[in-house]
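Below you'll find the structure, written out as structure tokens, and then a few comments.
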Amino acid sequence: MVTALAFIFIFGLLTIAHELGHFTMAKLAGIRVEEFSIGFGPPVLKARRGETLYSMRLLPLGGFVKMIGEDAPVPDDEEAFNNKPVHTRLAVMAAGPFMNLLLAVFLFALIFFFVGIPEGAPLVGAVLEGSPAAEAGLAAGDRILSINGDKINSWEEMVSFIQDRGPEVLEISYARQGEVKTVVIKPEIDPETGTSYIGVQRGVARYRILPSFYYGFLQTVGILVFILARLGEMLTGQIAPEITGPVGIVQAVGQVARLGVLNVLSLAAILSVNIALFNLFPIPMLDGGQLLFLGVEALRGKPLKPEQEGFLRFIGILFLLFLLVVVTYRDISRLLL
């Protein structure tokens, strides 16, 4: 039940943000929107406000914004999608992925505002009760300066140093309220991972709302760059393809849901970046495919013929179905191993 609720929440949130981008830009451009729908299948709830029908459908997977003149040209109608300038239609199509990126920034900003951002410096945020660090007298707020005489500059460097030494006794120097102190600590070995630890948790820095949005933006850009780099490595054969489909996503949501709301929000932000990027792929039936068609129209000075566009859409549907089958098979295979 928890997994199902978390899945519906995450994908409902991502879908609403995406379709709201298309809807808002269409309205600003003076395009008549016939329907704004969340989900597919038969409608469960629906209400008309002005010229637009708002509906929620049975299957909460995806959604759509139905604009007049989008699927079939409508002549002599200034409010039809097909009669708007190319740059306006490009903006409407790009608004969906843009809103997903904006949602990721917002979700990360919430996390950074309420929880904080992990410190890069070796600053102790908390000490586990009964751990070697607690017995030695380390406390939250202590800054690790050196271990066995070697200067420590970052949290990652400190963790690596401790894990590399195993159960070896360590002489740790730290600063507390301007005073430098030294303690001797013998790490313990985690029976599950086999790595050594002293029992300290990373410090976090909390920021006000505007800096939180700034760091949320940086986090979103960082994830976007990471995904693009991984895709480049996959396409060039440097690493094996790693694509997760609906089954794998449901499994990930279930695992994260048990860890708390903040972890669910973090996963939602990461998935929002992935969805934004996926929708920008130049595949017919995706926003990227529509952007490609409009780009061709801008270069040629006229749109593709309906039969040409229809054929490309058909190929796009076949490709997406093939991709869905492949990733679902891989996800199920991983589960059965």
Checked against (1) more than 30 Å from Val221 (Cα to Cα); (2) outside any strand (DSSP E or B); (3) at pLDDT 90 or above, Leu145 satisfies every condition except (2)
From the option list Ile38, Ile31, single residue qualifying as in a strand (DSSP E or B), outside the structural domain of Phe281 (by TED's automatic domain parsing) and of a type in the set (Val, Ile, Thr) is Ile38
Going through (1) under 15 Å from Phe108 (Cβ atoms); (2) assigned to a helix (DSSP H, G or I) one by one, Met234 fails only at (1)
Here is a check on your reading of the model: is Ala91 buried (at least 22 other Cβ atoms within 10 Å of the Cβ) and either part of a helix (DSSP H, G or I) or in the same structural domain as Gly310 (by TED's automatic domain parsing) (or both)? no
* Asked: Taking the condition in contact with an Asp or Glu (Cβ under 6 Å, 6 or more places away or on another chain), outside the structural domain of Asp287 (by TED's automatic domain parsing), under 26 Å from Phe293 (Cα atoms) and among the β-branched types (Val, Ile, Thr), does Val65 pass?
  -> yes
Going through (1) modelled with pLDDT of 85 or more; (2) within 23 Å of the chain's Cα centre (by Cα); (3) buried (at least 17 other Cβ atoms within 10 Å of the Cβ) one by one, Phe293 fails only at (2)
Picked from the stretch 1-36 (must be at pLDDT 90 or above, small (Gly, Ala, Ser) and over 20 Å from Val74 (Cβ atoms)), the residue surrounded by the fewest Cβ atoms within 10 Å (Cβ to Cβ) is Ala17
Of (1) surrounded by 12 or more Cβ atoms within 10 Å (Cβ to Cβ); (2) without any contact (Cβ under 8 Å) to a residue 24 or more places away in the chain; (3) of a type in the set (Ser, Thr, Tyr), Ser333 satisfies every one except (1)
Filtering the stretch 167-191 down to residues that are within 21 Å of Asn153 (Cβ to Cβ), in contact (Cβ under 8 Å) with a residue 40 or more places away in the chain and surrounded by fewer than 11 Cβ atoms within 10 Å (Cβ to Cβ) yields none
When every residue in the stretch 125-155 that is surrounded by 17 or more Cβ atoms within 10 Å (Cβ to Cβ) and in contact with a Leu (Cβ under 6 Å, 6 or more places away or on another chain) is compared, the one nearest to Gly260 (Cα to Cα) is Val127
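Yes or no, residue by residue, for (1) modelled with pLDDT of 90 or more; (2) touching a helix residue (DSSP H, G or I) at 6+ places or on another chain (Cβ under 8 Å); (3) of a type in the set (A, V, I, L, M, F, W, C); (4) outside any strand (DSSP E or B):
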residue: Ala47; (1), (2), (3), (4): yes, no, yes, no
residue: Tyr54; (1), (2), (3), (4): yes, no, no, no
residue: Arg57; (1), (2), (3), (4): no, no, no, no
residue: Pro60; (1), (2), (3), (4): no, yes, no, no
residue: Glu79; (1), (2), (3), (4): yes, no, no, yes
residue: Pro97; (1), (2), (3), (4): yes, yes, no, yes
residue: Ala134; (1), (2), (3), (4): yes, no, yes, yes
residue: Ala139; (1), (2), (3), (4): yes, no, yes, yes
Residues of the stretch 95-110 being surrounded by fewer than 21 Cβ atoms within 10 Å (Cβ to Cβ) and over 24 Å from Leu291 (Cα atoms), in sequence order, are Phe106, Leu110
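Residue-by-condition table, conditions (1) more than 30 Å from Ala72 (Cβ to Cβ); (2) of a type in the set (D, E, K, R); (3) at pLDDT below 90; (4) crowded, with 16+ Cβ neighbours inside 10 Å:
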site	(1), (2), (3), (4)
Leu235	yes, no, yes, no
Ile243	yes, no, yes, no
Gln255	yes, no, yes, no
Arg258	yes, yes, yes, no
Ala269	yes, no, no, yes
Glu307	no, yes, yes, no
Gly310	no, no, yes, no
Per the list (1) within 30 Å of Glu19 (Cα to Cα); (2) at pLDDT 90 or above, residue check on Ile209 breaks on (2)
Note on Ala47: of the conditions (1) outside the structural domain of Thr220 (by TED's automatic domain parsing); (2) closer than 30 Å to Pro306 by Cα, unmet is (2)
Log entry, pairs with first residue in the stretch 196-223 being without any contact (Cβ under 8 Å) to a residue 60 or more places away in the chain and farther than 9 Å from Phe113 by Cα, second being of a type outside the set (Phe, Trp, Tyr) and part of a loop (DSSP other than H, G, I, E, B), beta carbons closer than 7 Å, six or more apart or on different chains, reads Ser196/Gly166; Ser196/Pro167; Ser196/Pro187
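The values are calculated or read from the model by the stated rules, or taken from the named source; none is laboratory data. The shown structure was predicted, so the numbers you read here are calculated from the model rather than taken from an experiment. When we count neighbours, we look across all protein chains shown, and the Cβ atoms used for this are built from the backbone with ideal geometry, even at glycine.
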